1. Please indicate, with yes or no, whether at least one residue in the range 166-183 is over 20 Å from Gln113 (Cα atoms), among the β-branched types (Val, Ile, Thr) and touching a strand residue (DSSP E or B) at 6+ places or on another chain (Cβ under 7 Å).
2. Within the set of pairs 6 or more residues apart or between chains, which connect a residue that is under 16 Å from Leu150 (Cβ atoms) and at pLDDT 95 or above inside the range 109-138 to a residue that is assigned to a helix (DSSP H, G or I) and among the hydroxyl-bearing types (Ser, Thr, Tyr) with Cβ atoms less than 6 Å apart?
3. From the list Leu246, Leu210, Leu226, pick out the single residue that is part of a helix (DSSP H, G or I) and in contact (Cβ under 8 Å) with a residue 12 or more places away in the chain.
4. Taking helices (runs of 4 or more DSSP H) that do not extend beyond the range 45-110, which have at least 2 residues that are within 24 Å of Ala196 (Cβ to Cβ)?
5. Checking the conditions here, which among Arg223, Arg260 is out of contact with any helix residue (DSSP H, G or I) (no Cβ under 9 Å at 6 or more places or on another chain) and either within 30 Å of Ala75 (Cα to Cα) or among the polar types (S, T, N, Q) (or both)?
6. Restricting to the range 186-207, name every residue that is part of a loop (DSSP other than H, G, I, E, B) and over 29 Å from Glu59 (Cβ atoms).
7. Farther than 26 Å from Arg177 by Cβ, under 19 Å from the mean Cα position of the chain (by Cα) and in contact (Cβ under 8 Å) with a residue 24 or more places away in the chain: which single residue out of Ile38, Ile105, Ile64 fits that description?
Amino acid sequence: MNYRHAFHAGSFVDVLKHAVLARILVYLTLKDAPFRFIDTHAGAGRYDLSSAEARRAPEWRDGIARVLKSSPPAAVAGLIEPYLRAVGPHDASGMPASYPGSPAIAQALMRPQDRIALCEAHPEERAKLIAALGHDGRLSIVGTDGYVALNAYLPPKERRGVALIDPPFEEPDELRRVEEALARAIGKWPTGVYVAWRPIRETKADARFLNAVAAIGAPNILRLELDVGPGEAGAHGQEPLARAGLLVVNPPHTLFAEARALMPWLAVLLARGGRGAHACEWLTEPR
C-alpha cells in the first residue's frame with residue numbers, strides 16, 4: 001500500500017502517532033539534559049488540508065477534526081494538550097490552518113538545547129520540509145535513505161532521545177525493513193526510545209511481523225493499536241485503512257498508564273460506525 005503523508009494528513013493514524021509522540025517528547029523535556037529526535041521518513045513537515053492531495057480523501061474530518069471538536073474528560077484533555085498545542089488553531093469545522101507532520105510536532109514541543117535530525121529521500125518533499133520548518137539551528141535535514149541514516153545517527157551524542165520509523169509503506173517488503181532497522185538500532189543503542197508505526201491490513205502478516213520484532217530479544221516493547229472500523233471504498237474500490245499500530249521500544253515509564261487512558265477514548269471518538277477497538281499491551285515484558 002501507499003501511505004504518503006500528504007494524502008492522509010490528520011487521519012486517525014496521524015492522531016494516534018502524534019498524540020503518542022507528543023507524550024514521549026513531553027516526558028523527555030522533564031530532564032534538563034538535551035535529547036535528539038530522529039525521523040526516518042519526515043515528509044513535507046506540514047500539510048495544507050485544502051490541497052489536492054488532502055481533498056482527494058479528506059481523512060482529517062474523521063481524525064483531527066473530531067479531536068479538535070471534542071470535549072474530552074479532564075484526564076484525557078491533559079494528555080492531548082501538548083499535541084493539540086502543536087496542531088494550532090482551527091476553524092468551526094475542526095480544520096486546522098495546516099496539519100503538522102512529526103517534524104513540526106517535534107519542533108513545537110522541543111527546547112532550544114535539543115536537536116532534530118530529519119531524513120527525507122524524495123527531493124520535492126525535502127524541499128517542502130525545509131520551507132515548512134524554516135531556519136532553525138536545532139535542525140539537520142538529509143536526503144539519504146531513512147534506514148541508512150538511522151543507522152548512521154546512532155547512538156546520538158546526546159545519549160537521550162527518540163527515533164520515529166515512519167515509512168510510507170510503498171514497498172512490499174517494508175515490514176521486513178522496519179524489523180531489520182529496529183534490530184540494528186537496538187543493537188547499537190539499546191537504551192533509546194523507538195516508535196515504529198505500521199498499517200494493519202492482513203492479520204497473519206502482522207502477526208509474523210510482531211513475532212519477528214519480539215524475537216529481537218529486547219524487553220520493554222509496548223504495542224498500541226487502533227481499529228476505527230471499515231469505511232466507504234474509494235474511487236478505485238480500495239477500502240480505507242481501518243487499523244494501525246505503534247510499537248514503542250523503551251517507552252517512558254508513564255506511557256503505559258497514559259495510553260490506557262487515551263486509547264479507549266480515541267477508539268470511541270474516531271470509530272467510523274459503532275464502537276472502535278484498541279490494544280494497549282506489552283509485546284515483550286518490561287524490566
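1. Restricting attention to the range 166-183, the residues satisfying the condition of being over 20 Å from Gln113 (Cα atoms) are 166-183.
Pick out the ones that are also among the β-branched types (Val, Ile, Thr) and you get 178.
Next, only the ones that are touching a strand residue (DSSP E or B) at 6+ places or on another chain (Cβ under 7 Å) stay: 178.
Taking every residue of the range 166-183 in turn, at least one turns out to be over 20 Å from Gln113 (Cα atoms), among the β-branched types (Val, Ile, Thr) and touching a strand residue (DSSP E or B) at 6+ places or on another chain (Cβ under 7 Å).
2. Ala117/Tyr153
3. Numbers: Leu246 fails: part of a helix (DSSP H, G or I); Leu226 fails: part of a helix (DSSP H, G or I).
Result: Leu210 is the single residue among Leu246, Leu210, Leu226 that is part of a helix (DSSP H, G or I) and in contact (Cβ under 8 Å) with a residue 12 or more places away in the chain.
4. Numbers: elements: 52-56, 64-68, 74-87, 102-109.
Where helices (runs of 4 or more DSSP H) fall fully within the range 45-110 and carry at least 2 residues being within 24 Å of Ala196 (Cβ to Cβ), they are 64-68, 74-87, 102-109.
5. Details: Arg223 fails: out of contact with any helix residue (DSSP H, G or I) (no Cβ under 9 Å at 6 or more places or on another chain).
None of the others qualify; the one that does is Arg260.
6. First pass over the range 186-207, keeping only residues part of a loop (DSSP other than H, G, I, E, B): 189-192, 200-202.
Within the range 186-207, Trp189, Pro190, Thr191, Gly192 qualify.
7. Working: Ile38 fails: farther than 26 Å from Arg177 by Cβ; Ile105 fails: farther than 26 Å from Arg177 by Cβ.
Unique residue meeting the criteria: Ile64.
The values are calculated or read from the model by the stated rules, or taken from the named source; none is laboratory data. In this text the structure is predicted, and so the values were computed from the model without any measurement. Because the Cβ atoms are built from the backbone with ideal geometry, glycine has one as well, and the counts that use them run over all protein chains shown.
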